[in-house]
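Okay, so here's the structure we're looking at.
The values are calculated or read from the model by the stated rules, or taken from the named source; none is laboratory data. Source: prediction; values computed, not measured. Every residue, glycine as well, gets a Cβ built from its backbone with ideal geometry; the counts of neighbours run over all protein chains shown.
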Amino acid sequence: MSPIIAPSILAADFARLGEDIRTVDQAGADWIHVDVMDGHFVPNITFGPGLVADVRPYSDKLFDVHLMIAPADPYLEAFAKAGADLITVHAEAGPHVHRSLQTIRGLGKKAGLALNPGTPAEALVPVVDLVDLVLVMTVNPGFGGQSFIRPMADKIRQVRAILDGRDVHVEVDGGIAPDTAPIAAGAGADVLVAGSSIFKGGAANYAGNIAAIRAAAQGQTGAAA
Ligand code: DX5
Ligand code: ZN
């Protein structure tokens, strides 16, 4: 089965972000992954709902908004109105993740739960019926271009076991490239986020970069043990 490939626009050219989103959409992206960072929950700052609203018209693909912010609750409605289709909050971002997931669904959006590398899969258990997606971070969030943390493959398997056959996406984010995509997909991830490995080499390479990750995940090329 073909994975969902979600380019992370963190690695795009922010000076021409709308055009870059359009180009990566036409190059074969399935979803658009949007990394929101606050300089507090993670040690980097990106952008807020205003920018998401401005770039929304550049693609009809699902906007997968990954909130690396704390608190998240005061901003959920703004991101929903900005055009997010799926909003993911971190389990570590505050004491009320159950409420956050309920709020996202109440806004009519799909809800995701993100787990940092140091957070056990069991954090999913109390909210398992409130999620449409579980994001297993395969790097510590904050920056693109980091190395895939291999033991996270075990966590992907644990998450799939907790989901117990539910129709919920398992997404991986961080260090995904043709050599690591097969590890994540083989463990049970069906949504692959990739920033630097898709946007490298400029617009002429986006389609080839996406195709290489897709083919590797499907076991055709580039597979690593
Ligand atoms: C990390 C972000 C990722 C990041 C991935 O905090 O959530 O989406 O852009 O970047 P790469 O694919 O370069 O590891
Ligand atoms: Zn992300």
Only listed residue being over 14 Å from Ile4 (Cα atoms) and at pLDDT below 95, chosen from Gly165, Gly219: Gly219
Complete set of residues in the stretch 19-55 that are among the acidic types (Asp, Glu), within 16 Å of Gly195 (Cα to Cα) and within 16 Å of ligand 1 (Cβ to nearest atom): Asp20, Asp30, Asp35
Cβ pairs under 8 Å, 6+ apart, first in the stretch 1-28 and touching a residue at least 40 places away in the same chain (Cβ under 8 Å), second among the basic types (Lys, Arg) and away from ligand 1 (no atom under 14 Å from the Cβ): Ser2/Arg214; Pro3/Arg214; Ile5/Arg214; Gly28/Arg214
Failed criterion for Thr119 (all others in (1) in contact with an Asp or Glu (Cβ under 7 Å, 6 or more places away or on another chain); (2) touching a residue at least 40 places away in the same chain (Cβ under 8 Å); (3) surrounded by fewer than 19 Cβ atoms within 10 Å (Cβ to Cβ) hold): (2)
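Tell me whether the stretch 88-96 contains one or more residues that are in a strand (DSSP E or B), within 16 Å of ligand 1 (Cβ to nearest atom), out of contact with any Pro (no Cβ under 6 Å at 6 or more places or on another chain) and not polar (S, T, N, Q). Spell out how you get there, then give the answer.
If we filter the stretch 88-96 for residues that are in a strand (DSSP E or B), which is where we start, we get 88-90.
This time we only want the ones that are within 16 Å of ligand 1 (Cβ to nearest atom), so: 88-90.
From what's left, out of contact with any Pro (no Cβ under 6 Å at 6 or more places or on another chain): 88-90.
From what's left, not polar (S, T, N, Q): 89-90.
Scanning the stretch 88-96 turns up at least one residue that is in a strand (DSSP E or B), within 16 Å of ligand 1 (Cβ to nearest atom), out of contact with any Pro (no Cβ under 6 Å at 6 or more places or on another chain) and not polar (S, T, N, Q).
Residues in the stretch 36-44: is at least one touching a helix residue (DSSP H, G or I) at 6+ places or on another chain (Cβ under 7 Å) and not basic (Lys, Arg)?
Of the stretch 36-44, the ones touching a helix residue (DSSP H, G or I) at 6+ places or on another chain (Cβ under 7 Å) are none.
No.
Would you mind listing the helices (runs of 4 or more DSSP H) fully within the stretch 132-216 where at least 2 residues are within 12 Å of ligand 2 (Cβ to nearest atom) and free of Cβ contacts under 8 Å to residues at least 60 places away in the same chain? Before you say what the answer is, go through the steps one by one.
Working: elements: 152-163, 181-187, 196-199.
Where helices (runs of 4 or more DSSP H) fall fully within the stretch 132-216, none carries at least 2 residues being within 12 Å of ligand 2 (Cβ to nearest atom) and free of Cβ contacts under 8 Å to residues at least 60 places away in the same chain.
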